[in-house]
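Have a look at the structure below, then the notes.
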Amino acid sequence: MIADVDSASAVQAVDLLTFGESMVSLRSTGPLSAGGSLGMHVAGAESNVAVGVARLGHSVTWAGVVGADPHGEYILRQLRAEGIRLRHRVDAARNTGVMFLEQRTADVTRAFYYRAGSAGSTLGREDLDRALSAGARILHLTGITAALSPDARKAVEYAAERAAAEGMEVSLDVNYRSKLWTRQEARAALTPLARHASIVIASDDELGLVAAPVGAGPEGTPHPGDADTDADAAETAMAAELLDRGVREVVVKRGAAGAGVHTSDGRWEVPAVPVTSIDTVGAGDAFTAGYLSALLDGADAAGRLQRGALAGAFAVSTAGDWEGLPGRAELALLGTTPSGTTQR
């Protein structure tokens, strides 16, 4: 079953289109083995980005598959509440995926997935046709969806190729998940996929999954030596390779060390916004949402990085994957407001 949408959104192109598996996340505040209460949330890299971009004032469509169960209903209700347009299918034969997120210590969070054979893993190219036909300025993809199943991987490849051919910006976030596939499997799938992307986004340890220069290790990682020098040289070489292959922007997320972007015009860096870190889950997706929002607004490279850093800071300084993401008017709350401020 495909969800109905209003007639206006059925024909109107959106600012951002994304698709993938959203799950129910059951979060603990301590070790799962000790029991205790769990909080229910929506989790999914693509829907995190969708929420972040929508809150910053842009039109967004999310496509995906959920089960005919309360978990699926919960996901759809939450995304609708954020003003996101849905192009979804309900699979009556499969369950919506579930993830347990354990706050094991103040500094260590562990995820336990129950998503094998889920409704979301059945996503196929036919689920995307209507959303792609409606059009979007940016199609945002992640490597997570490509890892879910052979059909999902083909759907990602189809969407990337079609969107690029139709003139959409294609954003690819590597988003490697070791519990879904090996680095070798990811590299085999994502390296050719990157040729359709105008924007490639990766953490500093993921860039080797889409490019591998001469002088790097077997998975695109630098050889041992002067760690900082080797890592920077390897990143520069991998970014140059991607730019030579037609990628316009290579964005590198560095967590607490900030972020950078390589383009044919040069390289820009931004430090992380200093905040008190509470929950780092979803911070990379928040950065991506801020970066893409600024791109939609026509900001330059420095402005895109800065908005990404601000969105990431909101994510780490609030609990939840996306619940603390800012609206446009709230961006000024961080970076210009003294720590511990109470607005009255």
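Could you grab me the full set of residues in the range 40-66 that are open to solvent by 30 Å² or more (accessible area, probe 1.4 Å) and assigned to a strand (DSSP E or B)?
Matches in the range 40-66: MET40, HIS41.
Which residue out of GLY284, GLY260 is under 19 Å from the mean Cα position of the chain (by Cα) and in a helix (DSSP H, G or I)?
Answer to the selection: GLY284.
Across the range 117-170, what is the number of residues that are under 14 Å from ARG87 (Cα atoms), buried (at least 24 other Cβ atoms within 10 Å of the Cβ) and of a type outside the set (A, V, I, L, M, F, W, C)?
Number satisfying all stated conditions: 1.
Taking the criterion of being open to solvent by 20 Å² or more (accessible area, probe 1.4 Å), within 19 Å of the chain's Cα centre (by Cα) and modelled with pLDDT of 95 or more, would at least one residue in the range 232-252 satisfy it?
Yes - at least one qualifying residue is present in the range 232-252.
Give the range 287-308 a look and list any residue that's among the hydrophobic types (A, V, I, L, M, F, W, C) and in a loop (DSSP other than H, G, I, E, B), or say none.
ALA299
GLY83 - would you say it is modelled with pLDDT under 95 and open to solvent by 40 Å² or more (accessible area, probe 1.4 Å)?
Against the criterion (modelled with pLDDT under 95 and open to solvent by 40 Å² or more (accessible area, probe 1.4 Å)), GLY83 does not qualify.
Being within 18 Å of the chain's Cα centre (by Cα), over 20 Å from VAL51 (Cα atoms) and among the small types (Gly, Ala, Ser): is that true of ALA111 here?
The answer is yes for ALA111.
Considering only the range 326-333, I want to know if a residue exists there that is modelled with pLDDT under 95 and in contact with a His (Cβ under 7 Å, 6 or more places away or on another chain).
No, every residue in the range 326-333 fails to be modelled with pLDDT under 95 and in contact with a His (Cβ under 7 Å, 6 or more places away or on another chain).
Quick test for you: out of ARG89, ARG27, ARG104, ARG94, pick the one residue that is open to solvent by 70 Å² or more (accessible area, probe 1.4 Å), touching a residue at least 60 places away in the same chain (Cβ under 8 Å), farther than 30 Å from GLY298 by Cβ and in contact with a strand residue (DSSP E or B) (Cβ under 8 Å, 6 or more places away or on another chain).
Step by step, each of ARG89, ARG27, ARG104, ARG94 is checked, and only ARG104 is open to solvent by 70 Å² or more (accessible area, probe 1.4 Å), touching a residue at least 60 places away in the same chain (Cβ under 8 Å), farther than 30 Å from GLY298 by Cβ and in contact with a strand residue (DSSP E or B) (Cβ under 8 Å, 6 or more places away or on another chain).
Any chance the range 219-231 includes a residue that's open to solvent by less than 40 Å² (accessible area, probe 1.4 Å), within 22 Å of the chain's Cα centre (by Cα), modelled with pLDDT of 95 or more and not hydroxyl-bearing (Ser, Thr, Tyr)?
no
The values are calculated or read from the model by the stated rules, or taken from the named source; none is laboratory data. Computed from a predicted structure; not experimentally measured. Here the Cβ is made from the backbone with ideal geometry for all residues, glycine too, and neighbour counts use every protein chain on show. Quick note on the areas: whole protein, heavy atoms, side chains included, nothing else; ligands and nucleic acids left out. Shrake-Rupley method; radii C 1.70, N 1.55, O 1.52, S 1.80 Å.
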